[in-house]
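Below is one structure; the comments refer to it alone.
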Amino acid sequence: HANCTMERTFVAVKPDGVQRGLCGDIIHRFEKRGFKLVAAKFIKASEDFMKTHYLDLKDMPFYGGLCKYMSSGPVFAMVWEGENIVKLGRMMLGETNPADSKPGSIRGDLCINIGRNIIHGSDTLENAKREVELWFKPEEFVTYTSCFQPFLYE
Ligand code: DAT
Ligand code: MG
């Protein structure tokens with residue numbers, strides 16, 4: 001099938017999500033939706049690395065604390081692939097503030113506070129490309145055929 005809207009997005013379970021044992025739940029949601037995992041690693045990022053990741057937010061008052069927190073413990077970093085996944089992934093996450101996130105979304109189901117919102121997901125196709133390239137080297141991607149593909153896409 002010619003799928004011109006096939007996209008990749010960067011998703012990471014943050015240190016709070018890892019500590020709370022929520023990696024499995026989060027991975028399960030993306031799997032069940034039908035998305036395809038194409039890269040993953042469990043790592044503790046440095047504060048400088050997180051400052052680069054969140055460079056867009058450098059003028060925000062919470063930038064320093066956010067980067068410190070994100071480098072305080074391991075994160076589970078992933079690249080997921082699927083049709084329209086950047087938009088759909090953000091909908092699965094919920095709003096940035098868990099208090100505004102609907103039940104059924106990851107943040108709406110699993111967390112309470114904006115500074116401990118357990119998961120990151122790229123917000124635009126452009127940022128997805130930048131984040132995927134920042135976190136993963138080309139050789140870290142696994143090429144394989146998902147047996148679900150013909151049943152997920154027309
Ligand atoms: P998102 O993670 O939904 O893309 P963002 O990119 O605007 O949100 O901000 C990155 C993270 O920074 C967010 O997940 C949690 C934290 N954050 C955002 N706004 C905040 C605020 N007002 N106070 C504290 N932390 C905040
Ligand atoms: Mg963001």
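The values are calculated or read from the model by the stated rules, or taken from the named source; none is laboratory data. Nothing here was measured: the structure is a model prediction, and the numbers come from that model. For neighbour counting, all protein chains shown are included, and Cβ atoms are generated from backbone atoms with ideal geometry for every residue, glycine included. To get the accessible areas, we keep the full protein, side chains included, count just its heavy atoms, and leave off ligands, DNA and RNA. Shrake-Rupley method; radii C 1.70, N 1.55, O 1.52, S 1.80 Å.
Values as computed for the structure displayed
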| read-out | value |
| --- | --- |
| Cα-centred dipole magnitude for the chain, charges only on beta-carbon of K, R (+1) and D, E (-1), debye, nearest 20 | 320 debye |
| Order of exposure, largest accessible area first, which applies to Leu55, Leu22 with probe 1.4 Å | Leu55, Leu22 |
| Leu37, Leu125, reordered so the largest accessible area comes first (probe 1.4 Å) | Leu125, Leu37 |
| Relative contact order of the chain, pairs being alpha-carbon contacts under 8 Å that are 6 or more residues apart, as % | 34 percent |
| The chain - Debye-derived log10 I(q)/I(0), Cα point model, q = 0.19 Å⁻¹ | -1.27 |
| Non-local Lys pairs in the range 1-83, i.e. 8 or more apart or on different chains, that have alpha carbons under 14 Å apart | 6 |
| Signed unit charges on C-beta, dipole axis of the range 72-154, positive-most listed residue His120, Phe136, Phe148 | His120 |
| Listed residue (Ser71, Asn84, Asn97) projecting farthest to the positive dipole end of the range 61-113, Cβ model | Ser71 |
| Solvent-accessible surface (1.4 angstrom probe) belonging to Tyr63, in square angstrom, nearest 10 | 30 Å² |
| Heavy-atom accessible surface of the range 18-154: percent carbon and sulfur, 1.4 Å | 56 percent |
| Alpha carbon convex hull of the range 34-87, projected area averaged over orientations, nm² | 4.6 nm² |
| Solvent-accessible surface (1.4 angstrom probe) belonging to Ile114, in square angstrom, nearest 10 | 90 Å² |
| Whole-number accessible area per residue in Å² for the range 25-70, which is evaluated in the context of all protein chains at 1.4 Å | 60 Å² |
